[in-house]
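**Student:** Have a look at this one.
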Amino acid sequence: MIVTEAIEKGIDVAAIREQFPILKRQVKGKPLVYFDNAATSQKPQRVIDALVDYYSGYNANIHRGIHTLAEEATAAFEATRDTVKDFINASSREEIIFTRGATESINLVAYTWGRQNIKAGDEIIISTMEHHSNIVPWQILCEEKQAILKVIPVNNEGELLMDEYRNLLSSKTKLVSIVHVSNALGTINPVEEIVDAAHDAGAVVVVDGAQSAVHLDIDVQAMDCDFYAFSGHKIYAPTGTGLLYGKKHLLQAMPVFLGGGEMIKEVTFEKTTYNDLPYKYEAGTPNIADVIALKTAIDFINEIGKENIRNHENELLAYATFYLEQIPGLRIVGTAKNKVSVISFVIDKIHPQDIGILLDNAGIAVRTGHHCAQGLMNCYGIPGTIRASFAMYNTKEEIDALITGLNKAIKMLL
Ligand SMILES: Cc1ncc(COP(=O)(O)O)c(C=O)c1O
């Protein structure tokens, strides 16, 4: 039934599930229901194969070698850069810097652009719904530079208070760093509007795309953000891969980050000159195999089509929201009008962790806790939530299993 519905919308969920070997496994004697996709997505066989193909067929260090294996590895690695460029619609491959993930990308900006441009008394704006990786790097920078961190408040639905944001902006604002999609609430923030207002105030904008790259069509030129970061492991690619997009003129003007091989043009004991973009920010041997497999993951997403995936995920979101709301004592945290397929909720008189343990006994993987958004949890006066996040391979039957599992768990715990 579900599969038929999905096929009509252009996505064959049964065929997609076949491509994810982990979905065949059992947990505690029950079929795995994987609803922890916002933490990391599962990997299709072809992504796993890409790693094996590299290590068994053309493992070599890149860029420096002239032998066949090095040339093949370099070509495959650089092909990912072109694919990522198109995936986010950057204007040039020089704007695509490979990192270990969104955390490293944001830190890269803080340690380079931040240290060059932030001075005492300057202001940096983030929001209440930031992930720790988009709070801590700016706190470190502010402490070092005696700059001031300002925080955009949110309403009860989990939406940014845009008027308050505009009030925070001033000539002192040098940087706005904002999450595109909240990992804890699922809220899609109006990034274009945020960027426009920040630019009017003369500030540079970093967009944390860790949760948006997998669900939304990303066009960094239309968004006009100055930097955009995402992690490969959340878009069906291996861990240890990520992207920092930066506008070319900013990347060119920024100081270097890590020093070492690859990021240099010429080294003497007196002076070093640095490589051109993007290699200026890619010191040392990169994560070659995983970056190659990142291309496979993006090709896979493109083949199915982001819009088709989104339609399916939104259907799951609506279905789950409807049935969760029927459970007495359950409250959804994050009910923004614009949301992706992430549902956080709390249940009266029950700790999220207890629910998580009982659901795991039923083979259902959800995330419980503060989701690295302690600031947001404090703001809402809750220790954490239970979070179910859906991907292209999830089904309504799995949501039915979640609802049954929750009802059983609540009965046991109350
Ligand atoms: C919104 C958001 N930003 C940043 C990150 C950090 O990503 P990573 O741990 O892959 O660097 C995450 C990870 O959950 C996230 O959800």
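Each value in this text was obtained by applying a stated rule to the coordinates, not by laboratory testing. Remember, it's a predicted structure, so these values are computed and weren't measured experimentally. Please note: Cβ atoms are built from the backbone with ideal geometry, for glycine as well, and neighbour counts cover all protein chains shown.
**Student:** Please give the Cα centre distance for segment 307-327 versus segment 167-238, rounded to the nearest Å.
**Tutor:** With segment 307-327 and segment 167-238 each reduced to a Cα centre, they are spaced 24 Å.
**Student:** Now for a different question. Which of the three applies to segment 68-126, rounded, prolate or oblate, going by the alpha-carbon gyration tensor with a ≥ b ≥ c and a/c under 1.5 meaning rounded?
**Tutor:** prolate
**Student:** Which whole-number percent gives the relative contact order of segment 215-351, counting Cα pairs below 8 Å spaced six or more residues apart?
**Tutor:** Relative contact order of segment 215-351: 19 percent.
**Student:** Which GluC sites (Glu not before Pro) in segment 128-187 sit in a loop by DSSP (not H, G, I, E or B) and have at most 15 other Cβ atoms within 10 Å of their own Cβ?
**Tutor:** For GluC sites (Glu not before Pro) across segment 128-187 that sit outside H, G, I, E and B with at most 15 neighbouring Cβ atoms in 10 Å, the list reads Glu157.
**Student:** Another question, then. Can you check what the Kirkwood hydrodynamic radius comes to for segment 149-209, Cα pairs only, in Å to one decimal?
**Tutor:** Taking every pair of different Cα atoms in segment 149-209, averaging 1/r and inverting gives 11.8 Å.
**Student:** If contacts are Cα pairs under 8 angstrom and at least 6 residues apart, what is the relative contact order of segment 326-409 in percent?
**Tutor:** After rounding, I find 32 percent.
**Student:** Less than 16 Å apart at the alpha-carbon level, and either on another chain or at least 8 residues along: which aspartates and glutamates does that give for Lys119?
**Tutor:** Once the sequence-local aspartates and glutamates are set aside, what remains near Lys119 is Glu143, Glu144.
**Student:** When Rg is the radius of gyration of the Cα atoms in segment 272-344 and Rh is its Kirkwood radius, what does Rg/Rh come to?
**Tutor:** 1.26
**Student:** Turning to a different aspect of this structure: What do you get for trypsin sites (Lys or Arg not before Pro) in segment 331-374 restricted to DSSP loop and a cutoff of at most 13 other Cβ within 10 Å of the site's Cβ?
**Tutor:** Sparse-neighbourhood loop trypsin sites (Lys or Arg not before Pro): Lys337, Lys349.
**Student:** Let me ask something additional. Could you state, as a whole-number percent, how many of the C-alpha pairs of segment 102-240 are farther apart than 25 Å?
**Tutor:** Percent of Cα pairs beyond 25 Å in segment 102-240: 20.
**Student:** If you look for lysine pairs in segment 242-302 that are eight or more places apart or on different chains, how many of them have Cα atoms under 20 Å apart?
**Tutor:** 5
**Student:** Then there's this: Taking all pairs of different Cα atoms in segment 37-111, averaging 1/r and flipping that mean, what Kirkwood radius in angstroms comes out?
**Tutor:** 14.5 Å is the Kirkwood radius here.
**Student:** Does segment 328-414 classify as rounded, prolate or oblate by the C-alpha gyration tensor (a ≥ b ≥ c root eigenvalues; a/c under 1.5 gives rounded; else a/b over b/c gives prolate, otherwise oblate)?
**Tutor:** oblate
**Student:** Next question, about the same structure. Dividing the Cα radius of gyration by the Kirkwood radius, what Rg/Rh value follows for segment 202-251?
**Tutor:** Here Rg/Rh amounts to 0.99.
**Student:** Specify the residue with the greatest mean-square fluctuation among Asp200, Asp122, Asp219, computed from a Gaussian network of the chain linking alpha-carbon atoms under 10 Å apart.
**Tutor:** Most flexible of the set in this elastic network: Asp200.
**Student:** Measure up Lys43/Lys339; Lys43/Lys85; Lys234/Lys339; Lys306/Lys408 against 28 Å on the Cα-Cα distance and list the ones that go over.
**Tutor:** Result: Lys306/Lys408 exceed 28 Å.
**Student:** Also, I was wondering about something else. Treating only the Cβ of Lys, Arg, Asp and Glu as charged (+1, +1, -1, -1), what charge dipole size does segment 92-236 show about its Cα centre? Round to the nearest 20 debye.
**Tutor:** It comes to approximately 560 debye.
**Student:** Shape verdict for the chain, please, from the Cα gyration tensor: rounded (a/c under 1.5), prolate (a/b greater than b/c) or oblate.
**Tutor:** oblate
**Student:** Would you mind counting up the charge near Leu216? Only other residues with Cβ under 14 Å from its Cβ, with Lys and Arg at +1 and Asp and Glu at -1.
**Tutor:** -2
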